[in-house]
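Okay, structure first, notes after.
The values are calculated or read from the model by the stated rules, or taken from the named source; none is laboratory data. Everything quoted here is computed from the prediction, not taken from an experiment. All Cβ positions, even for glycine, are placed from backbone atoms using ideal geometry, and neighbour counts span all protein chains on display. For the accessible areas, the whole protein counts, side chains as well, though only heavy atoms, and no ligand, DNA or RNA atoms are used. Shrake-Rupley method; radii C 1.70, N 1.55, O 1.52, S 1.80 Å.
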Amino acid sequence: PRPTRREEAARPQHPDTPPATGSARDQYEHALSLLRRADYRAAEEALGQFVKRYPNDPLAANAYYWLGENYYAQGRYGDAAYQFADGFRKFPNHPKAQDSLFKLALSLGRQGKTAEACTAFGEFRKRYPNAGLRREAEAEQRRMKCAG
């Protein structure tokens, strides 16, 4: 449900929220600076605004990934999985796609969704056999006792 005007007015206004003006890169960099400071709420808002405003920008795939990382860092694995999957689905050929698929698998595993995590790790290994994260993916597959 949409918050009432009173709820919106009661919300602290973040001075760090990116302005509606400025380049897409400026807004993206600002959102990442919030994430680096572990200001998760403001980073979530800024990254969410970025992907809504600039869905086709070259940095959009990165923004989806970092929004997933934001959720993951907070232990919000369901939100993280959704975000990583969405970014991977929308940008399957982007350099961040392999990171998104890997983190999707991790997020699913952290939720106890072992079968889905194993499937995602299998897809990761199939698509990216020479990825830098290959060893980590294999270790997670062994830890979760994935078949094959």
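Just to be sure I understand the rule: take each whole DSSP H helix in the chain, project its Cα atoms onto its long axis, keep it if the span is 15 Å or more and its mean Kyte-Doolittle hydropathy is at least -0.5. Which ones pass? Please list the in-between numbers first.
Numbers: long enough: 24-36 (18 Å, -0.75); 40-53 (19 Å, -0.64); 60-73 (20 Å, -0.43); 77-90 (19 Å, -0.81); 97-110 (20 Å, 0.30); 114-127 (19 Å, -0.59).
Correct list, ordered by number: 60-73, 97-110.
Which value, in Å², gives the accessible area per residue of segment 54-148 when a 1.4 Å probe is used on the protein heavy atoms? Intermediate results must be reported in sequence, preceding the final value.
Details: 4920 Å² over 95 residues.
Heavy-atom accessible area per residue stands at 52 Å².
Can you compute log10 of I(q)/I(0) for segment 63-103 with the Debye formula, treating each Cα as one identical point scatterer, at q = 0.16, 0.31, 0.32 Å⁻¹?
Taken in order of the listed q values, log10 I(q)/I(0) reads -0.29, -0.99, -1.04.
Let me have the relative contact order for the chain, percent, based on Cα pairs under 8 Å that are six or more residues apart. If you can, show how the numbers build up before the last one.
On the way: 159 pairs, mean separation 19.8, N = 148.
After rounding, I find 13 percent.
List the equivalent ellipsoid semi-axes of the chain in whole Å, largest first, each obtained as the square root of 5λ for an eigenvalue λ of the Cα gyration tensor. Working shown, then result.
On the way: eigenvalues 193, 61, 29 Å².
Semi-axis lengths for the chain are 31, 17, 12 Å.
Which one, TRP66, ALA81, LEU34, is farthest towards the positive end of the dipole of the chain when Lys and Arg carry +1 and Asp and Glu -1 on their Cβ?
ALA81
Report, to two decimal places, the Cα Rg of segment 22-75 normalised by 2.2 N^0.38 Å (N = number of residues). Can you show the working numbers first?
Working: Rg = 9.9 Å, N = 54, 2.2 N^0.38 = 10.0 Å.
The reported ratio for this selection is 0.99.
Leaving ligands, DNA and RNA out of it, report the carbon-plus-sulfur percent of the accessible area of the chain at a 1.4 Å probe.
On the way: 4320 of 8600 Å².
On the chain, the fraction of accessible area on carbon and sulfur atoms equals 50 percent.
Once you put a point 7 Å from the Cα of ARG110 and another 7 Å from the Cα of ARG37, both along the Cβ direction, what distance in nm separates them?
In this crude spin-label approximation the distance works out to 2.3 nm.
Can you give the alpha-carbon Rg of segment 74-132 over 2.2 N^0.38 Å, where N counts its residues?
Working: Rg = 10.7 Å, N = 59, 2.2 N^0.38 = 10.4 Å.
Taking the Cα Rg and dividing by 2.2 N^0.38 Å, one obtains 1.03.
Which entries of LYS96/LYS145; LYS90/LYS145; LYS96/LYS126; LYS52/LYS113 have Cα-Cα distances beyond 19 Å here?
Numbers: LYS96/LYS145 26 Å; LYS90/LYS145 30 Å; LYS96/LYS126 16 Å; LYS52/LYS113 29 Å.
Exceeds cut-off: LYS96/LYS145; LYS90/LYS145; LYS52/LYS113.
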